[in-house]
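Here's the structure, in structure tokens; my notes come after.
Read-outs: derived from the displayed coordinates by stated rules, not from any lab. Everything numeric here is computed off the predicted structure, so don't read it as measured data. Every residue, glycine as well, gets a Cβ built from its backbone with ideal geometry; the counts of neighbours run over all protein chains shown.
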């Protein structure tokens with residue numbers, strides 16, 4: 001079915017814009033820590049470098065998924081699912097680091113929980129919406 005003939009549902013509008021916004025904010029916030037000055041790094045506190053790098057790189061995938069969802073592309077559902085999987089793996093690695101006694105910020109746990117939940121919802125809504133529209137078949 002050609003995507004040009006399909007009308008974008010309200011749910012696709014919402015999740016596309018959330019994915020795009022979330023991606024841009026993620027790139028910005030992680031980029032400030034990675035490439036900013038000492039003040040920006042000090043403000044981040046006990047940040048976990050591999051989590052910040054993951055978030056920075058993932059931000060570009062968030063934007064890509066958002067664009068794909070906006071364009072009603074089937075591959076964007078798969079990308080969203082991969083984002084969820086990668087986020088959960090990174091979250092587990094963070095858990096192991098915390099368990100080992102390393103320093104971390106409580107807000108990192110909150111942010112990773114939020115990222116996991118947001119991308120899980122985006123994936124489920126995208127899959128359901130695109131399947132219903134006939135673009136995505138199981």
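Miscellaneous remarks
- Number of residues in the stretch 37-56 that are under 24 Å from residue 20 (Cβ atoms) and exposed (fewer than 15 other Cβ atoms within 10 Å of the Cβ): the value is 2.
- Residue count, the stretch 70-80 (criterion: more than 18 Å from residue 26 (Cα to Cα) and in contact (Cβ under 8 Å) with a residue 24 or more places away in the chain): 7
- Residues located in the stretch 95-124, provided they are under 14 Å from the mean Cα position of the chain (by Cα) and surrounded by 14 or more Cβ atoms within 10 Å (Cβ to Cβ): 111, 112, 115, 116, 118, 119, 120, 121, 122, 123, 124
- Yes/no for residue 59 being touching a residue at least 12 places away in the same chain (Cβ under 8 Å), surrounded by 18 or more Cβ atoms within 10 Å (Cβ to Cβ), closer than 25 Å to residue 11 by Cβ and in contact with a helix residue (DSSP H, G or I) (Cβ under 9 Å, 6 or more places away or on another chain): yes
- Some residue of the stretch 67-80 being farther than 23 Å from residue 8 by Cα, exposed (fewer than 15 other Cβ atoms within 10 Å of the Cβ) and out of contact with any strand residue (DSSP E or B) (no Cβ under 6 Å at 6 or more places or on another chain): no
- Among the helices (runs of 4 or more DSSP H) confined to the stretch 1-106, the ones with at least 2 residues that are within 17 Å of residue 131 (Cα to Cα) are located at 10-35, 49-70, 74-99.
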